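*Asks:* Here it is, the structure in full.
None of the figures in this text is laboratory data; all of them are computed from the coordinates on show. Given the structure is predicted, the values throughout are model-derived calculations rather than measurements. We place every Cβ from the backbone using ideal geometry, glycine too, and count neighbours over all the protein chains shown.
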Amino acid sequence: MKTMKLRFTALFVVFLAVSFGSACATKKYVRNRVGERVTPLENRTGELEETSRRNTQDISRISRDVEDAKQRADRAQQQADRAATSAEQANTRVGGVEKSVEDLRANLDKYSLQKTVTVLFNAGKSELLPEAMAALDELATQIKGRNGFLLELQGFASAEGKPELNEQLSYARSEAVKRYLAERHNVPLFRISIIGLGVTRPVADNSSKEGRMQNRRVEVRLYTNNAVGQ
């Protein structure tokens, strides 16, 4: 009886040893299998995190590039707008210049009467009186240093004497005015034209002394070229 009890105890101990060893072996196997599964997942997770980080950086860089490109496009558009405005202004200026040139050409041979100065003479004389010289001096100061002007001298006479002599006398009076302006004030001769019109175009009645005095005259007409003003 005692011998059987010892055998049973020995078998139980063997069973426990086998069971414990099997359990330990099973746990180790499980750990190994789990490790085989977890390690690739951990590696994959790390790769995904690195990929996500790089993607985030790439997105940030692309966003900056897009913003830079947008700013460059805006600046280019502003430059294009300014260039278009400058071109329009240039076209406007060119159009204005072309019109000015056309107007200038049209007015090269056109003169406008600016002023008329009348100087009087004694009967039968062509010498300038002091009052006439003073009037011519004032006119000369107004045209000194100017261009684009012409002086037209029209000489007249009263109805006294023969018509032929009055015509010669009216011309001599215009010549006297021309000489005075040329010698005293250096007015170019090519700017002065003279004519003697005799007793034509009286401005007063020749039947009176005062009327005849008004008719013994030279009308100095100042013309200015229309193109000069432009």
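*Asks:* For the residue pair LYS115 and THR39, what label-to-label distance in nm results when each label sits 7 Å from Cα along the Cα-to-beta-carbon direction?
*Replies:* Modelled inter-label distance: 11.6 nm.
*Asks:* Check GLY198: other-chain or 5+ apart residues with amide H under 5 Å from its amide H, H built from backbone geometry?
*Replies:* Amide H to amide H, under 5 Å and 5 or more residues apart or across chains, GLY198 pairs with ALA157, SER170, TYR171.
*Asks:* Cβ under 11 Å from PHE149's Cβ, PHE149 left aside: what net charge do those residues give with Lys, Arg +1 and Asp, Glu -1?
*Replies:* Net of charged neighbours comes to +4.
*Asks:* Count the net charge of all other residues whose Cβ sits under 13 Å from the Cβ of PHE121, scoring Lys and Arg as +1 and Asp and Glu as -1.
*Replies:* 0
*Asks:* What's the local net charge at SER208, with K and R +1, D and E -1, over the other residues with C-beta under 15 Å away?
*Replies:* Neighbour charge sum, excluding SER208 itself: 0.
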